[in-house]
Amino acid sequence: MNAVSKRVSDPAAFGRVAVLLGGTSSEREVSLNSGANVLAALLARGVNAFAVDGIPALIEVLARQGVDRVFNVLHGSVGGGEDGVVQGLLDAHGIPYTGSGVLGSALAMDKVRSKQVWLSLGLPTPRYLRLAKGADVHAAACELGLPVIVKPSCEGSSVGVTRVFSDEGLEAAVALASRYPGELLMEQLIEGQTQGAGEYTVAILEGVALPSIRIVPATEYYDYHAKYVAEDTQYLCPGLSGAAEAEMGALALAAFEALGCSGWGRVDVMRDAEGRNFLLEVNTAPGMTSHSLVPKAAAQLGIDFNSVCWRILETSMAVGRTM
Ligand SMILES: Nc1ncnc2c1ncn2[C@@H]1O[C@H](COP(=O)(O)OP(=O)(O)O)[C@@H](O)[C@H]1O
Ligand SMILES: [Mg+2]
């Protein structure tokens, strides 16, 4: 799993690289944007790269032209880009790709299953309940204690997510999350913006945690608008210092590895006012748009966007890669 990436200096060594983007998930637009950036970066470094939109198109390309490796920036589950489906297809063809394999992708896409794994290993994550169809949401909120957050288990980009502060908001939150396929969960809301409390994300590249980013949205929380549209969200990197920063990085790496993830990814974490960290989720094909966080964390280490894309592509050349 923790295979070592092979350093590459000649772009020809990568062969023909399909940048897999777009697809049919709710995050299609973001993925098209990420993919265009990745493609431009690889072309700028002399890689023989080309865009492929979605899995049916990839299957055609595999049959007709051949591909030596895939840089996967499909986001989301429907359409199979980030959930293990395309990873299985590529494994069956013996074609290497960036990012986690079948197991890591599938587990990370499912927030409920991710939390089950973390809890079994004693890794901290907000208390939660799965919401089955027809479940008594008021009883669930009572058990967890308001405020809570309701979200679909298998979406991304804050799609279908609602924070709920009073009983009256529960039904609408569940109705919104129910529009998306898969299970729903209700989670204890981790609040606060003072004393380092708030939202963090940690990029992982080649088995190393990059400096954390603290996200301070101008609006109430890091919703879709704050993620992709707003220009006033603040990103502080590194988000913490000293032992707290080291602890955050170690937790993110442990969470990533616990799910069997590899290559690159991003771990979302909430921190409360007492300095306790809570794992939210792992993203196995994170955004690579101009607002995205993996490039921001890499920039803190002096690694520019084109070099990040190159390094991610190198992870597909890993020696001893098994998944
Ligand atoms: N337990 C929680 N407490 C506080 N805020 C949360 C919690 N869970 C999610 N959020 C907020 O909702 C956003 C989206 O949640 P997340 O679990 O990361 O799902 P995704 O990014 O896949 O939509 C987070 O970036 C954060 O702002
Ligand atoms: Mg997230």
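Just so you know, all these numbers are worked out from the coordinates, no wet-lab data involved. Predicted model, so just to flag it, every value in this text is computed and none were measured. FYI the Cβ positions are ideal-geometry reconstructions off the backbone, even for glycines, and counts take in every protein chain you see.
Note on the stretch 215-323: Cα Rg divided by 2.2 N^0.38 Å, N the number of residues, gives 1.14.
Evaluated with a Cβ-only charge set (Lys, Arg +1; Asp, Glu -1), the chain carries a dipole of roughly 880 debye about its Cα centre, given to the nearest 20.
Taking every DSSP beta bridge that has both ends in the chain, the antiparallel portion is near 75%. Distance distribution note for the chain: the fraction of Cα pairs above 28 angstrom is 37%. Computed about its Cα centre, the charge dipole of the stretch 70-222 is approximately 160 debye, with only Lys, Arg, Asp and Glu carrying charge at their Cβ.
Dipole size in debye (nearest 20) for the stretch 174-308 around its Cα centre, Lys and Arg Cβ +1, Asp and Glu Cβ -1?
Numbers: 7 positive and 17 negative charges, 42 e Å.
Charge dipole of the stretch 174-308: 200 debye, to the nearest 20.
When each of Tyr200, Tyr224, Tyr128 is scored by the number of other beta-carbon atoms lying within 10 Å, the sequence from fewest to most is Tyr224, Tyr128, Tyr200.
Scattering from the stretch 11-99 was approximated by placing one identical point on each alpha carbon and applying the Debye formula without solvent; log10 I(q)/I(0) at 0.13, 0.22, 0.25 1/Å stands at -0.36, -1.04, -1.31.
When the GluC sites (Glu not before Pro) in the stretch 204-255 are filtered for DSSP coil states and for at most 10 other beta-carbon atoms within 10 Å of their beta-carbon, the remaining sites are Glu220, Glu231. Pairs of Lys residues in the chain are counted when their Cα atoms are under 23 angstrom apart and they lie 8 or more places apart or on different chains; the count is 8.
Annotation: amide H-H contacts under 5 Å for Glu82 (H modelled 1.01 Å from N, sequence separation of 5 or more, or interchain): Gly76. Amide H to amide H, with H built 1.01 Å from N, Leu185 comes under 5 Å of Leu131, Lys151, Ser153, counting only residues 5 or more places away or on other chains. For Gly265, the residues 5 or more places off, or on other chains, whose built amide H falls under 5 Å of its own are Ile204. Along its first, second and third principal axes, ordered by size, the stretch 128-188 spans 25, 20, 18 Å in Cα coordinates. Here the Karplus curve 6.51 cos²θ - 1.76 cosθ + 1.60, taken at θ = phi - 60°, turns the phi angles of the stretch 56-68 into couplings of x, 5, 5, 4, 5, 5, 4, 6, 9, 10, x, 9, 8 Hz, with x standing for Gly and Pro.
What does the helix-only formula give at 222 nm for the chain: each DSSP H stretch with n ≥ 4 adding -39500 (n - 2.57), the total divided by the residues, and the result rounded to the nearest 500 deg cm²/dmol? Let's see the in-between values first.
Details: 11 runs with 111 residues, N = 323.
After summing the helix terms and dividing by residue count, I get -10000 deg cm²/dmol.
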